[in-house]
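All remarks here apply to the structure that follows.
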Amino acid sequence: MGRYYVIENVDRSWSFEAEEMGSKSKFWYRKPDSKVHWLFKYPHENTGEHWAEKIAAGAAKLLDIPCAEVRLAVCDGVRGSSSKSFVDDNEELFHGNQVLAGQLNLYNPEGRFNQKDHTLRNIFLALDRVFGDGGAEKEQMANYLVLDAVIGNTDRHHENWGILVEQRGDHMYGDMAPSFDHATSLGRELPTERRQRLLEEKRIGRYSERARGGIFWSEEDAHAVSPLELVRRGFREFPESFSNPVRRLRTLDARRLKACVSRVPDGWMDPVAKAFSLELMNYNLSELRKLGHG
């Protein structure tokens, strides 16, 4: 393993399709003589969305959680990230909003922000209806939410999870899609000065606890709970889904997690951002490891 991640060089002439979903500029590309599709994403200005994606993918791998493969990449001199497509030619990806609208009456698939019907209970109910007994799929979703809690991913909205569907003969078969789109993680939006203050004043825990995620606990709530609090409540309410994902955290090697951060080249991520990201994950891990011991 090298000291730093390898940087992918992307030629804009390889592009074949713009990606309309989401708020960032991005495009699909395919290298010459390759059938593999990749999505290049430009980060929003003055954010670390590209390195957040890469570190999140590394954390997912350490936790053995299915996740889109991510590389740091450069296109026309602009730094970004590339995500490998996980949808085979014979598959179709149904995003969470489509799944929920198909299974729950009155669910609005068009809204994205402040979608109060996008609750954990509704997600689990929809998965039960799609799969008959969605035990395995609900545990997989819980894995993704535990990953969100570790990395502080606040953007698990209803287009940021889904089901892969494949038709074989007269039958349709579905599986949970791998986790994807983790750009809104690790305080990627913070300026260096604020990260430094939070570190010096030991307020990273407060930053994590006050975050607002993409999944509501109740339709009556004013805003979604933090990714960390969502797992706490999910563990209490749905222990059969969350017990294994939370238990897996006990074996996570903190040194390897640190390597996920340190392997980002210094020119891409400054030392303060690295220190903040690691401290945030350490706080979240410490809190999650308390579950089941109270």
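When restricted to residues that are among the small types (Gly, Ala, Ser), in contact (Cβ under 8 Å) with a residue 24 or more places away in the chain and surrounded by fewer than 19 Cβ atoms within 10 Å (Cβ to Cβ), the stretch 137-174 contains 1.
The rows are residues; the columns are (1) surrounded by fewer than 16 Cβ atoms within 10 Å (Cβ to Cβ); (2) out of contact with any helix residue (DSSP H, G or I) (no Cβ under 9 Å at 6 or more places or on another chain); (3) among the charged types (D, E, K, R).
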site	(1), (2), (3)
Gly58	no, no, no
Lys61	yes, no, yes
Leu72	no, no, no
Gly80	no, no, no
Ser83	no, no, no
Asp89	yes, yes, yes
Gly96	no, no, no
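In the set Arg255, Arg250, Arg206, only one residue is part of a helix (DSSP H, G or I) and either modelled with pLDDT of 95 or more or touching a Cys at 6+ places or on another chain (Cβ under 7 Å) (or both); that residue is Arg206. The one condition from (1) touching a strand residue (DSSP E or B) at 6+ places or on another chain (Cβ under 7 Å); (2) under 17 Å from Lys290 (Cα atoms); (3) not aliphatic (A, V, I, L, M) that Glu229 does not meet is (1). Does Val130 satisfy the condition of being in the same structural domain as Glu209 (by TED's automatic domain parsing), over 30 Å from Lys54 (Cβ atoms) and touching a strand residue (DSSP E or B) at 6+ places or on another chain (Cβ under 9 Å)? It is true that Val130 is in the same structural domain as Glu209 (by TED's automatic domain parsing), over 30 Å from Lys54 (Cβ atoms) and touching a strand residue (DSSP E or B) at 6+ places or on another chain (Cβ under 9 Å). Among the candidates Asn284, Asn244, the residue that is of a type in the set (S, T, N, Q), in contact (Cβ under 8 Å) with a residue 40 or more places away in the chain and either touching a Phe, Trp or Tyr at 6+ places or on another chain (Cβ under 7 Å) or surrounded by 15 or more Cβ atoms within 10 Å (Cβ to Cβ) (or both) is uniquely Asn284.
Hey, any hits in the stretch 271-286 for a residue that's at pLDDT 95 or above, more than 19 Å from the chain's Cα centre (by Cα) and closer than 14 Å to Ala59 by Cβ? No, that holds for no residue. Listed conditions (1) buried (at least 24 other Cβ atoms within 10 Å of the Cβ); (2) in contact with a helix residue (DSSP H, G or I) (Cβ under 6 Å, 6 or more places away or on another chain) are all met by Thr184, apart from (2). Cβ-Cβ distances below 9 Å connect the following pairs, each with a first residue in the stretch 252-273 that is not assigned by TED's automatic domain parsing to the domain that holds Ile65, a second residue that is among the aliphatic types (A, V, I, L, M) and assigned to a loop (DSSP other than H, G, I, E, B), and a separation of six or more residues or different chains: Leu252/Leu63; Ala259/Met1; Val261/Leu186; Val261/Met269; Arg263/Met1; Ala273/Leu186; Ala273/Leu190; Ala273/Val264.
Taking each residue of the stretch 114-131 that is over 18 Å from Phe235 (Cα atoms) and looking for partners that are surrounded by fewer than 16 Cβ atoms within 10 Å (Cβ to Cβ) and of a type in the set (D, E, K, R) with beta-carbon atoms closer than 9 Å, six or more apart or interchain, yields Lys116/Glu219; Lys116/Glu220; Lys116/Asp221; Asp117/Glu219. Would you say Val70 is outside the structural domain of Glu193 (by TED's automatic domain parsing), hydrophobic (A, V, I, L, M, F, W, C), closer than 30 Å to Ala275 by Cβ and under 16 Å from the mean Cα position of the chain (by Cα)? Answer is yes for this residue.
Filtering the stretch 226-247 to residues that are within 15 Å of Asn122 (Cα to Cα) and part of a loop (DSSP other than H, G, I, E, B) leaves only Phe238. Could we say that Ala224 is within 30 Å of His95 (Cα to Cα), among the small types (Gly, Ala, Ser) and in contact (Cβ under 8 Å) with a residue 12 or more places away in the chain here? Yes: the conditions hold for Ala224.
The values are calculated or read from the model by the stated rules, or taken from the named source; none is laboratory data. None of these values were measured; they are calculated from a predicted model. Cβ: placed from backbone, ideal geometry, glycine included. Neighbour counts: every protein chain shown.
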